[in-house]
Amino acid sequence: MGERMKFNVLIVDDEKNIREGLGKALELDGYAILLAADGREAMDKVNENEIDLVIADLKMPGMSGEELLKQISASYPTIQVIILTGHGTVETAVNAMRNGAYDFLTKPVNLDRLSLLVKRALSTRDLARQHRELQAEVERIKRKQRFARMIGKSSQMKRVMDVIEQVAQTKASVLITGESGVGKELVADAIHMLSDRSDKPMIKVHCAALSESLLESELFGHERGAFTGAVSRKRGRFELAHTGTIMLDEIGEISPAVQIKILRVLQEKRFERVGGEETIEVDVRVISATNRDLKEEIAQGRFREDLFYRLNVVNIHVPPLRERKEDIPLLTSAFLQEFADENGKPIEGINQRARAALYTYSWPGNIRELRNCIESAVVLSKGTIITPEDLPPSIVGESDDEFVKIRIGSSLPEAEKEIIRSTLSALNGNKSRTAEVLGIGRKTLHRKIQEYALAE
């Protein structure tokens, strides 16, 4: 993201000197100012312009500040409203806050207090804007890549997506490797959906969840009476996947006996049901996945080398989340929107401290853990912006271990230099992420890097 755009602030007051005086004061703070003499003129300007914040007098002829607040809250719920009031109507201003006002100020207005309040109100608006921009980027990526459930723009994920597109239209067996929770199943889904088998069955088998005898029956089916409890014939997963795709998840967990049978299906495209004599021929594209090192399993005598080479015609390695942290904003935004919609909560974004905690955490559970973290944060959140208090303690706790040490007596420039240097180091020199975590624009960060001679 580049430098932040100017915020548009609308000041509404029937007294010309007040609205113009406040306008000039806020212009000095860098805001774009619009003025209105009453509620009706204000609503016209809200309808015609992209307004970020409204500062409105409570008592005005015609449409009052209270009525203006109601109309803005109903039609533009993301616009923040600050109410101005005389000392005699503070109680009314408090009621206005219950109806959606961000805060109120009493007249005569303390300009320092106003400046601080406007900055705070717009920080929330800025986070909401960042969230919307990330949502739009997620949608652009989904439209561009043709397999909408995979989200990422890191170089590692772009390579994964490129290989998916290359291999999908072939019949080659694919072995997907990567830690638990990285999204191996999503890769398999994408390969199937982009293949010419997309309108045919996609059958998934979680090999580790079944004992050897049950897995054999699950994969190849069984005849009636093949074993105790086999009261009728059952078709296996390979048979059900005929002309389509089968995904063998956690393939490294299967026994040597089942490995031999799978090898035969890959070599001869035929098998018999358990307890049966009829040979069944199938046309199945095999995708397997594992979080184990199969070459090490081969060395230990636990996995057949010939089966490995049959499965591993094409290997797609999905990197862990800690190696592609630049994808965290997009993933976070997508999960925030998903769980906000699912739970009917008006979540508008995530603040800088919470985002920094997500960056610092190592994510041993990968995307699955991030998804669970965001779902928990949305469910537990009390406001519209996710804060560190909404995140699981284990995630915030790990981030709190990484402090920036600044010697007492350091000047402000020395402290700023150390904060920038430490953040850059923690984020592996990623300037975009550093600017985002520190809440400054990239141009500002580049200027500071040059000023403090922090360039590599």
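In straight-distance terms, cross-link reach from K448 covers every one of the lysines whose alpha-carbon lies under 16 Å from its own, apart from those fewer than eight places away in the same chain; here that gives K417, K431. Fully extending the segment from I406 to Q169 would add 79.7 nm, taking 0.36 nm per residue of separation and subtracting the current Cα-Cα distance. Between rounded, prolate and oblate, where does the range 256-376 land on the alpha carbon gyration tensor, with a ≥ b ≥ c its root eigenvalues, rounded for a/c under 1.5, else prolate if a/b exceeds b/c? It is prolate, given that a/c is not under 1.5 and a/b is the larger ratio.
Here is what passes the span test in the chain: the DSSP H helices with alpha carbon length of 24 Å or more along the helix axis and a Kyte-Doolittle mean of -1.0 or above are 111-145. The modelled label-to-label distance between E281 and K345, using points 7 Å beyond Cα along the C-beta direction, is 5.6 nm. Annotation: the antiparallel percentage among DSSP beta bridges lying fully within the chain is about 10. For K171, a cut-off of 30 angstrom between C-alpha atoms picks up these lysines, skipping any fewer than 8 places away in its own chain: K142, K144, K153, K158, K184, K200, K204, K234, K261, K269, K295.
Applying 1/(1 + (r/R0)^6) with r as the Cβ-Cβ distance of E296 and D103 and R0 = 60 angstrom yields a FRET efficiency of 0.50. On full extension, the segment bounded by E389 and R322 gains 21.9 nm, given 0.36 nm per residue less the C-alpha separation. Sequence-distant contacts, meaning Cα pairs under 8 Å at least 6 residues apart, place the relative contact order of the chain at 13 percent. Starting from the Cα gyration tensor of the range 8-135, take the square roots of the eigenvalues, sort them a ≥ b ≥ c, and report rounded, prolate or oblate (rounded when a/c is under 1.5, otherwise prolate if a/b is larger than b/c, else oblate). Rounded, because the longest to shortest axis ratio a/c is under 1.5. Gain on full extension, evaluated as 0.36 nm per residue between S75 and E375 minus their Cα-Cα distance, stands at 105.2 nm.
Over the Cα atoms of the chain, the radius of gyration divided by the Kirkwood radius equals 1.13; this is the Rg/Rh ratio.
Neighbour counts of other Cβ atoms within 10 Å put D327, D196 in the fewest-to-most order D196, D327.
The numbers here are math on the coordinates, done by the rules we state, and not lab data. What you see is a predicted model, and the numbers here were worked out from it, not measured in a lab. Reconstructed Cβ throughout: ideal geometry from the backbone, glycine too, with neighbour counts over all protein chains shown.
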